[in-house]
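Taking it in order: structure first as C-alpha cells, then the write-up.
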Amino acid sequence: MNLYQIRREFEKANRSAGLNELDSYRDDWINAGWERICELFVIPSLVKTVAIDAVADQQFYLMPLDYSGTEVSLMYLNRRLDPIPDENLKLKYERRTGNRGRVEYWDWQQSIQESFLIVENCTLTNGSKTILMSNGDVVLNESPWVRFDPYMDEANTTADNDGEVDPQDYAYQIEAGTLAGGTSFDLTTEYRGPTGSNFVCRVRPEGQQQFKTYGTPAASEVGAFSMTYPANPRRLYNNSDTPEWSNMGRPIAYMAASLGLEWLHAMELSKTFWGRAMSRVRDLERRRNSSQAQVSDMTIGTTIGRKTGMRSVRTGGNFSRSRGY
C-alpha cells in the first residue's frame, strides 16, 4: 500500500470517529505512526549491515545516522564484539583477563556535540539525489551522513501549514566521489520532502551516535568493523512512496489515528485504533515467523537426520558441549 492509500485509510478512520482535527497534520501523524510501529516491532526490511573502516589506535567510531537506537550487533574482523555497559565489568576485563589492546568489547559513547561542517543555501528537489550548493570541502566527496535544517518561507508552495519548508529530521548519506566542482553532490537515496533553496546541510551532524571499543585496532583496515542494526524508516511524502514493509499500510493508518487521538486526549478512542494497529502487525508477524518455525522442525538429509538448532558436539575429553547452527 502506498502513501496515497494510507492517506485514504487515515481519512476513513477520522470520518468514522466524526473528527477532522487531525487533517491539517495528516502526513506528520502517518510518519509518526510508521516510526512507532518500527519501535515496537522488528521490521526485517529495515535491518541493515554496513562496513566501518578501522583506524590504527582509534577507539571511537561513528554509527550510521539512520540507526534507530535499538538492538545492534558489532563484529571486528569476523569476530563478534560483546557489549559491556557496566563500568566495573569493563575494569575486570581489562585488569584480570589480559585483554588490553585486543578489540573484543564495545559500548555506546557520547554522541557528537558539534557538526563537522555546515553548508548553507543548499537547494533540495523532491525526488532528486542531487544537492546544489557552493562548497568544495573534500569531506563532501566522501560518504558522511548529513541532515538538513528547515527554514521559513511562506511564499514556498510546498511549505507546511506554519510556513516552514521542513525536510524533517531524516538522515541521508552522501554518495562517495560525487562532488562536482564544489557546486553539487549526490545522495545515496533520493530526497523526500519540500523543494527549496535555503536549506542548511549539517555534515556529520550533532547528535550522531558513536561507539567505543575496549582495545584499539593495531592497523588501519577497510571494512574491519561490521555493524548490523535496524534503521529508521524513510519519510513517506509522495503519493507513490511505499513503506519498507508494504503490508503495513492499514496498521500505519490506524497507529497514526491512535497517536493523533491521544494528542487530543481522546484516550478511549485512541486505544481502539491502537488495538487495531497492533493486532494487524502481530498477525503479519506471526505469519512471517511461521516459515522460520517450519524450517526449525525440518530434518536434514534422511528422515532420521538431525533437526536444526542446538546439538551436542564431541570434544577432546569425555565431555560434550553445545553449539548452535
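The values are calculated or read from the model by the stated rules, or taken from the named source; none is laboratory data. What you see is a predicted model; the values in this text were computed from it and never measured. Heads up, the Cβs are rebuilt from the backbone with ideal geometry, glycines too, and the neighbour counts pull from every protein chain shown. What goes into the accessible areas is simple: the full protein's heavy atoms, side chains included, and nothing from ligands, DNA or RNA. Shrake-Rupley method; radii C 1.70, N 1.55, O 1.52, S 1.80 Å.
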So what J values fall out for region 214-224 if you push phi through Karplus, 6.51 cos²θ - 1.76 cosθ + 1.60 with θ = phi - 60°, rounded to Hz, Gly and Pro as x? 9, x, 10, x, 6, 8, 6, 8, 6, x, 5
Suppose every K and R has +1 on its Cβ and every D and E has -1 on its Cβ; what is the size of the dipole of region 156-230 about the Cα centre, in Debye to the nearest 20? 360
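Assigning unit charges at the beta carbon (Lys, Arg +1; Asp, Glu -1) and nothing else, what dipole magnitude in debye, to the nearest 20, does region 184-269 show about its Cα centre?
Details: 7 positive and 8 negative charges, 27 e Å.
Result for region 184-269 is approximately 120 debye, rounded to the nearest 20.
Based on the Cβ-Cβ distance of Asp283 and Glu221, what FRET efficiency does E = 1/(1 + (r/R0)^6) give at R0 = 30 Å, to the nearest 0.05?
Numbers: r = 45 Å, r/R0 = 1.50.
It comes to 0.10.
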Charge dipole of region 1-67 about the Cα centre (unit charges at C-beta), most positive-ward option of Met63, Ser16, Trp34: Ser16
Which residue, chosen from Gln209, Gly182, Tyr170, occupies the Cα position most advanced towards the positive end of the dipole of region 119-218, where the dipole is computed from +1 (Lys, Arg) and -1 (Asp, Glu) charges on Cβ about the Cα centre? Gln209
The answer for Val47, listing residues at least 5 apart or on another chain whose modeled amide H is closer than 5 Å to its amide H, is Ala231
Using a 1.4 Å probe and ignoring any ligands, DNA or RNA, find the accessible area of Phe41 and quote it in Å² to the nearest 10. 20
Using the alpha-carbon centroid of each, what span in Å lies between region 1-40 and region 128-175? 25
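Determine the relative contact order of region 124-204: mean sequence separation of Cα pairs under 8 Å and six or more apart, normalised by residue count, in whole percent. Working shown, then result.
Values: 180 pairs, mean separation 36.4, N = 81.
Normalised by residue count, the contact order of region 124-204 is 45 percent.
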